[in-house]
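The values are calculated or read from the model by the stated rules, or taken from the named source; none is laboratory data. Computed from a prediction, not measured in an experiment: that's the story for all the values here. Don't worry about glycine lacking a Cβ; one is built from the backbone with ideal geometry, like all the others, and counts go over all protein chains shown. Surface areas here come from the heavy atoms of the whole protein model, side chains and all, with no ligands, DNA or RNA. Shrake-Rupley method; radii C 1.70, N 1.55, O 1.52, S 1.80 Å.
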Amino acid sequence: MTTIGIIGAGNIGSQVARKAIENGYDVVISNSRGPETLAELVAELGPKATAGTAAQAAEAADVAIVTVPLKAYADVPVQQLAGKIVIDTNNYYFERDGHITALDNGETTVTGMLQKHLPTSRVAKGFNHITAADITADSHPTGDPARRALATSSDFTDASDFVTKLYDEFGFDTVNIGPLVESWRVERDRPAYGIRQTVAELEANLAKAPRTV
């Protein structure tokens, strides 16, 4: 069974851990404060969850999920994630992260920055435009007309395929934006960001997204 290493134990990371364990995955979860601070969360998640450092979570992972503030992306372990699929949930909040000129000017993307930091990993965008609570509360079985759609993007087919598989297991449909140079379409303040939408609605919102906001 695949082990998912979660780097960042905040709202998104914790909710992804819950759904991953529900679907049979093992989870190693980490935060910036040390494994001992995750004892309560790990106890709640049960025997398929363990806590570690970011390096330990990355090392143990078959697939990793990075869900740290964007300003901390350069602290994500590189060597331990070499050759692995990495799912990036990050968003750019200049109020928190400080202004990043290349993002303000539309010269790069949030997930493109992580891919550059992890040159030997296969990075895909995922879970960035859904609230943490909805990851567990808004899932529906395949074919349900109420099923919500989420977007992914990657320069690697196997990475976007894994996100699609994970979305499906978690109870969501997928729209694949394509390569990371297009992933800005689902970033903050674009039409697809943060709202509940079907596949058709998500595709329409991605198409009308402005490059800069």
Residues located in the stretch 15-29, provided they are under 15 Å from the mean Cα position of the chain (by Cα) and more than 15 Å from residue 126 (Cα to Cα): 18, 27, 29
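Looking for something in contact (Cβ under 8 Å) with a residue 24 or more places away in the chain and part of a loop (DSSP other than H, G, I, E, B) - is there at least one such residue anywhere in the stretch 157-170?
Taking the stretch 157-170 first, the residues in contact (Cβ under 8 Å) with a residue 24 or more places away in the chain are 158-160, 162-163, 166-170.
Cutting the leftovers down to part of a loop (DSSP other than H, G, I, E, B) gives us none.
Checked against the condition, which is being in contact (Cβ under 8 Å) with a residue 24 or more places away in the chain and part of a loop (DSSP other than H, G, I, E, B), the stretch 157-170 yields no hits at all.
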Say whether the condition of being open to solvent by 60 Å² or more (accessible area, probe 1.4 Å), assigned to a helix (DSSP H, G or I) and more than 21 Å from residue 187 (Cβ to Cβ) is met by at least one residue in the stretch 44-55. yes
Please enumerate the residues belonging to the stretch 148-175 that are open to solvent by less than 10 Å² (accessible area, probe 1.4 Å) and of a type in the set (D, E, K, R). 148
Flagged pairs (Cβ under 6 angstrom, 6 or more apart or on separate chains; first in the stretch 105-128, more than 15 Å from residue 58 (Cβ to Cβ); second assigned to a loop (DSSP other than H, G, I, E, B) and β-branched (Val, Ile, Thr)) are 106/212; 127/89; 128/89
Quick one: residue 173 ticks every box in (1) within 23 Å of residue 93 (Cα to Cα); (2) touching a helix residue (DSSP H, G or I) at 6+ places or on another chain (Cβ under 6 Å) except a single one, so which number is it? (1)
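Search the stretch 56-102 for residues being aromatic (Phe, Trp, Tyr) and open to solvent by 40 Å² or more (accessible area, probe 1.4 Å), and hand back the single one that is nearest to residue 8 (Cα to Cα). Walk me through how you get there before you give the answer.
First, pick out the residues of the stretch 56-102 that are aromatic (Phe, Trp, Tyr): 73, 92-94.
From what's left, open to solvent by 40 Å² or more (accessible area, probe 1.4 Å): 73, 93-94.
Values: 73: 11, 93: 17, 94: 19 Å.
Looking at the filtered set, the residue picked out is 73.
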Looking at residue 146 and the list (1) over 21 Å from residue 68 (Cβ atoms); (2) out of contact with any His (no Cβ under 6 Å at 6 or more places or on another chain), which single condition is not satisfied? (2)
Scan of the stretch 13-36 for residues that are among the hydroxyl-bearing types (Ser, Thr, Tyr) and either modelled with pLDDT under 95 or surrounded by fewer than 21 Cβ atoms within 10 Å (Cβ to Cβ) (or both), ordered by number: 25, 32
Would you say residue 40 is open to solvent by 50 Å² or more (accessible area, probe 1.4 Å), charged (D, E, K, R) and within 17 Å of residue 86 (Cα to Cα)? no
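I need the full set of residues from the stretch 134-147 which are in contact (Cβ under 8 Å) with a residue 60 or more places away in the chain and either open to solvent by 50 Å² or more (accessible area, probe 1.4 Å) or not in a loop (DSSP other than H, G, I, E, B) (or both), in order please. I'd like the intermediate steps shown before the answer.
As a first pass, look at the stretch 134-147 and keep what is in contact (Cβ under 8 Å) with a residue 60 or more places away in the chain: 134-136, 139.
If the condition is that a residue be in contact (Cβ under 8 Å) with a residue 60 or more places away in the chain and either open to solvent by 50 Å² or more (accessible area, probe 1.4 Å) or not in a loop (DSSP other than H, G, I, E, B) (or both), then 134, 135, 136 are the ones that fit.
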Going through (1) in contact (Cβ under 8 Å) with a residue 60 or more places away in the chain; (2) hydrophobic (A, V, I, L, M, F, W, C); (3) not in a strand (DSSP E or B) one by one, residue 65 fails only at (3)
Which one of these is at pLDDT below 95 and not hydrophobic (A, V, I, L, M, F, W, C): 142, 174, 198, 157? 142
Taking the condition of being open to solvent by less than 10 Å² (accessible area, probe 1.4 Å), assigned to a loop (DSSP other than H, G, I, E, B) and within 19 Å of residue 80 (Cβ to Cβ), how many residues in the stretch 103-133 meet it? 2
